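The values are calculated or read from the model by the stated rules, or taken from the named source; none is laboratory data. From a predicted model like this one, the values you see are computed outputs, not experimental measurements. Cβ placement follows ideal geometry from the backbone for every residue including glycine, while neighbour counts extend to all protein chains displayed.
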Amino acid sequence: MKALASEDATARDRAPPAVELDGVSRRYGDAVAVDDVDLTVREGEFFTLVGPSGCGKTTTLRLIAGFEQPTAGAIRFRGEDVSGVPPEGRDVGVVFQNYALFPHMTVGENVGYGLNFADPPGGVGRKERVRELLELVDLGGAEDRDPDSLSGGQQQRVAMARALAPGPDVLLLDEPMSALDARLRERLRVQVKAIQRELSITTVYVTHDQEEALAVSDRVAVMRAGAPEQVAPPRTVYRRPTSRFVAEFVGDNNVFDGVVTRVTDGPRETDGPPASVGSPPPDRGSVSSGSTHSDGAIRSGGATHSGGTEDANELRECRGTDGTARVPDETEGGPGETEESAGRKPPGDRVADVDVGGDPLRVAVADDVAVGDRVTFCVRPENLRIGGGEAALRAPVESAEFLGETTRVHLDWGGRAVVVRTPDPLSGTVAVGFDPADAHVVAVERPAGGR
């Protein structure tokens, strides 16, 4: 199964471009909604635009659909410039946030609406096409039902079947699950992904939900201020963010700032517990907690609970926002994606002592990092371990949130928030550590005057 998934990903990576945005901008007077965007979506790819409100993701989708026209730049479908082509001439299917079903039509009439303007693909009849699509979305036999009699999830699937009826080249979905409850969203996103895979249709999906984006996508574009901050496969975005914004936006994260005081070749062995480190003074470095998952070796109430990493050279358990999955312990840029292509050198065999608030934290760094550099790095909560790891800090427990399968524990490290995930509640002051390789550098600032 893993080999097959890898082959599918490689095939998609080699697929020709289906949608291209070349220097696309959209302005409304002095307001810039989309700012000089370059994006390529490949044939058969599930591509997601994710970001906070106002980041330009929906405007970008509307530009692709033809509902908005670019102020500058070009939009191409399969190499053809469609920048001035209206929506009905672009061969796209659109699923809107509110579904926009026609209340005076039956389910079957809603699904077949687009066939009033285009013949069904494959030479099948209209009724056969409607029946096929309703079966595809698990609503077989619902042709004569009233849309108002359906649940929200069923209405969402009718809207998707309607968008697919004319056999579009590109499927566009604008936050189609935002009005549904959490459990239904989880179930439907699996269905949406399965339908997209079965039809091999190029799909552009918009959501503000980071978990949803990571769960369904082949690649993700994290949007900020009208432009992509990072474009990469989900695991790369989660594990190897290229900026502080991405590190803090996608999932829970702990982001640290500090100055490199020493660099050594090769990490040390980390078999024993970390040395005790006192709370730091508040003015020499910083750490911020972003907004996911898992736990390492936890020692609470005198008992030791194992979890977290497997053998360092074998498999690592990465509990991302899309659940638990065992994947190779390597830099996963996905097909065609590497640390270098993401704009940053990969970590080598060097480890730096970084002064964060007066105490050194050991971090794996690239070969070009030197003493005196100021670095920003992040450590996911699942990689922080109570009573384990090499880089260590001591902090009192401030609060805890029981989430069912895990507990999100908030620590107060000298006035700075640190988040860790544990299977059991914690209290008092705890020692928290992490392995240098589990820290990811997102930015390096050279000292004034350079080196």
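Do we find a residue being assigned by TED's automatic domain parsing to the domain that holds Glu382, modelled with pLDDT under 95 and within 9 Å of the chain's Cα centre (by Cα) anywhere in the range 204-211?
Quick first cut of the range 204-211, residues assigned by TED's automatic domain parsing to the domain that holds Glu382 only: none.
Within the range 204-211 (the criterion being assigned by TED's automatic domain parsing to the domain that holds Glu382, modelled with pLDDT under 95 and within 9 Å of the chain's Cα centre (by Cα)), the answer is no, since none of the residues qualifies.
Scan the range 75-86 for residues that are surrounded by 14 or more Cβ atoms within 10 Å (Cβ to Cβ) and either over 15 Å from Thr202 (Cα atoms) or of a type in the set (Phe, Trp, Tyr) (or both) and report the count. If you could, list the steps in order and put the result at the bottom.
Here is the first cut: in the range 75-86, the residues surrounded by 14 or more Cβ atoms within 10 Å (Cβ to Cβ) are 75-78, 82-83, 85.
Those left that are additionally either over 15 Å from Thr202 (Cα atoms) or of a type in the set (Phe, Trp, Tyr) (or both): 75, 77, 82-83, 85.
So the answer is 5.
When residues of the range 91-139 are filtered for being of a type in the set (Ser, Thr, Tyr) and at pLDDT below 90, how many remain? It would help to see each step written out before you state the result.
Here is the first cut: in the range 91-139, the ones of a type in the set (Ser, Thr, Tyr) are 99, 106, 113.
From what's left, at pLDDT below 90: 99.
Result for the range 91-139: 1.
Kindly state which strands (runs of 3 or more DSSP E) lie completely within the range 7-50 and contain at least 2 residues that are modelled with pLDDT of 95 or more, in the same structural domain as Glu80 (by TED's automatic domain parsing) and within 14 Å of Ile75 (Cβ to Cβ). Walk me through it before giving the result.
Values: elements: 17-28, 31-42, 46-50.
Counting at least 2 such residues, we get 17-28, 31-42.
Collect the residues in the range 77-108 that are more than 14 Å from Pro166 (Cα to Cα), in a strand (DSSP E or B) and touching a Lys or Arg at 6+ places or on another chain (Cβ under 9 Å), keeping them in residue-number order.
Phe77
So, Val124, is that one surrounded by 22 or more Cβ atoms within 10 Å (Cβ to Cβ) and either more than 17 Å from the chain's Cα centre (by Cα) or in the same structural domain as Ile75 (by TED's automatic domain parsing) (or both) or not? Break it down stepwise before answering.
Working: surrounded by 22 or more Cβ atoms within 10 Å (Cβ to Cβ): no; either more than 17 Å from the chain's Cα centre (by Cα) or in the same structural domain as Ile75 (by TED's automatic domain parsing) (or both): yes.
No: the conditions fail for Val124.
Among the listed residues Ala159, Ala163, identify the single one that is among the small types (Gly, Ala, Ser) and either touching a Gly at 6+ places or on another chain (Cβ under 7 Å) or assigned to a loop (DSSP other than H, G, I, E, B) (or both).
Working: Ala159 fails: either touching a Gly at 6+ places or on another chain (Cβ under 7 Å) or assigned to a loop (DSSP other than H, G, I, E, B) (or both).
So the residue among Ala159, Ala163 that is among the small types (Gly, Ala, Ser) and either touching a Gly at 6+ places or on another chain (Cβ under 7 Å) or assigned to a loop (DSSP other than H, G, I, E, B) (or both) is Ala163.
Can you name the condition, by its number, that Asp138 falls short on among (1) surrounded by 15 or more Cβ atoms within 10 Å (Cβ to Cβ); (2) under 30 Å from Arg183 (Cβ atoms)?
(1)
Being surrounded by fewer than 21 Cβ atoms within 10 Å (Cβ to Cβ) and over 30 Å from Leu115 (Cβ atoms) narrows it down to one residue among Ala213, Ala227; which is it?
Numbers: Ala213 fails: surrounded by fewer than 21 Cβ atoms within 10 Å (Cβ to Cβ).
Just one listed residue meets the conditions, Ala227.
Would you please list the contacts, defined by Cβ atoms under 9 Å and residues six or more apart or on different chains, that run from a residue in the range 160-183 that is closer than 17 Å to Thr48 by Cβ to a residue that is part of a strand (DSSP E or B) and of a type in the set (D, E, K, R)?
Matching pairs, first to second residue: none at all.
Any idea how many residues of the range 161-176 are surrounded by 24 or more Cβ atoms within 10 Å (Cβ to Cβ) and under 12 Å from Asn98 (Cα atoms)?
2
Please state which of the following conditions Asp368 fails to meet, knowing it meets all the rest: (1) in contact with a strand residue (DSSP E or B) (Cβ under 7 Å, 6 or more places away or on another chain); (2) modelled with pLDDT of 50 or more; (3) of a type in the set (Asp, Glu).
Checking Asp368 against (1) in contact with a strand residue (DSSP E or B) (Cβ under 7 Å, 6 or more places away or on another chain); (2) modelled with pLDDT of 50 or more; (3) of a type in the set (Asp, Glu), the one that fails is (1).
Among what's in the range 360-384 and is among the charged types (D, E, K, R) and within 20 Å of Asp265 (Cα to Cα), pick the residue that is surrounded by the most Cβ atoms within 10 Å (Cβ to Cβ). Lay out the reasoning, then the answer.
First pass over the range 360-384, keeping only residues among the charged types (D, E, K, R): 362, 367-368, 373-374, 380, 382.
Imposing the further condition that a residue be within 20 Å of Asp265 (Cα to Cα) reduces the set to 362, 367-368, 373-374.
Values: Arg362: 25, Asp367: 13, Asp368: 12, Asp373: 20, Arg374: 16.
For the range 360-384, the residue satisfying everything is Arg362.
Return only the number of the condition from (1) in contact with an Asp or Glu (Cβ under 7 Å, 6 or more places away or on another chain); (2) over 26 Å from Glu43 (Cβ atoms); (3) of a type outside the set (Lys, Arg) that Pro168 does not satisfy.
Here Pro168 meets the rest and fails (2).
Can you tell which of Glu128, Glu135 is outside any loop (DSSP other than H, G, I, E, B) and in contact with a Pro (Cβ under 9 Å, 6 or more places away or on another chain)?
Checking each option against the conditions leaves just Glu128.
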